[in-house]
1. Quick one: how many lysine pairs in the chain have C-alpha atoms under 26 angstrom apart, if they're 8 or more apart or on different chains?
2. Modelled label-to-label distance, E50 and K197, 7 Å Cα→beta-carbon offset: nm?
3. Using only the Cα atoms, work out Rg/Rh for the chain, with Rh taken as the Kirkwood radius, to two decimals.
4. Return one quarter of the surface area of the convex hull spanned by the alpha-carbon atoms of segment 1-94, equal to its mean projected area, in nm².
5. Using a 10 Å cut-off on Cβ atoms, rank the peptides 19-29, 131-141, 116-126 from the highest mean neighbour count down.
6. Helix 3-14 against the longest principal axis of the chain: what's the angle in degrees, Cα atoms only, rounded to the nearest 10?
7. Using a 7 Å offset from Cα along Cα-Cβ at A183, what residues in segment 140-164 end up with backbone N under 18 Å from the label point?
8. If you rank R150, R12, R41 by fewest surrounding Cβ atoms within 10 Å, what's the result?
Amino acid sequence: MSARDNILNKLRAGLAGTTPRPDQFDEALVTEPWQYAPEDRVQRLRSLMEAVHTEVYTLAAANWPAKVQELLDSRKLSNLLYAPGTEHGQQLAEFWAQVAAEPNLLAYDRPIEEWKEELFWQVDASITSTAGAIAATGSLVLWPDRDEPRLMSLLPPLHIALLKASEIEDNLYGMMQKQNWSAGLPTNLLLVSGPSKTADIEQVLAYGAHGPKELVVLILEDA
């Protein structure tokens with residue numbers, strides 16, 4: 001018998017004659033204090049995120065590619081990392097071709113080992129989708145996958161996030177229930193409330209120490 005089996009058998013033996021404690025979880029404790037009128041969710045999210053140096057813009061869903069171009073041009077950035085395998089990535093590429101935008105589009109379409117140096121040191125900005133947002137805490141929810149790996153939101157100095165207004169939920173528990181997270185979670189799910197910052201060194205606040213220096217959220221209103 002293996003050491004693992006010995007440990008498990010001892011644990012099972014220790015439970016003999018016992019009964020499980022009843023589940024006393026009260027859903028109201030994590031939902032009732034954090035509920036908002038649907039029309040107030042955008043403003044609450046915006047106020048909380050702007051308070052920690054996040055830029056937030058609300059615009060029509062069809063206008064976001066033009067806003068992305070404006071953001072890059074105003075900062076004089078030369079390139080943008082995007083996911084060509086996504087619907088928004090295809091929309092971005094089509095718009096870029098139509099207007100002959102100057103910033104170069106960099107497709108995340110190859111293993112990191114093939115362009116690690118470029119990805120770490122030469123990418124100015126990135127754009128990703130979100131799985132929604134939480135009004136109670138002013139947080140974006142990122143759900144990295146094969147098309148949009150975690151590095152897309154971690155490495156570039158500027159991260160632009162697309163958020164549908166209809167996917168802003170009151171609280172974390174409500175989002176978990178609505179999106180049925182119990183059916184399957186990714187290996188890495190992220191809650192992002194602002195650009196990267198730290199005050200570890202002499203208590204001086206610095207941005208960009210562990211991720212993007214700037215975070216821009218584009219809230220897309222439903223058509």
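A short reminder: the numbers here are calculations on the coordinates, not readings from a lab. This structure is a prediction, so every number in the text was calculated from the model and none was measured. Don't worry about glycine lacking a Cβ; one is built from the backbone with ideal geometry, like all the others, and counts go over all protein chains shown.
1. Here the count comes out as 13.
2. 1.5
3. Working: Rg = 21.5 Å, Rh = 19.8 Å.
Ratio of gyration radius to Kirkwood radius for the chain: 1.08.
4. That works out to 14.4 nm², a quarter of the Cα hull's surface.
5. Numbers: 19-29: 7.0, 131-141: 21.6, 116-126: 15.5.
Order by mean packing, descending: 131-141, 116-126, 19-29.
6. 60
7. 143-145
8. Working: R150 16, R12 9, R41 21.
Neighbour counts put them in this order, fewest first: R12, R150, R41.
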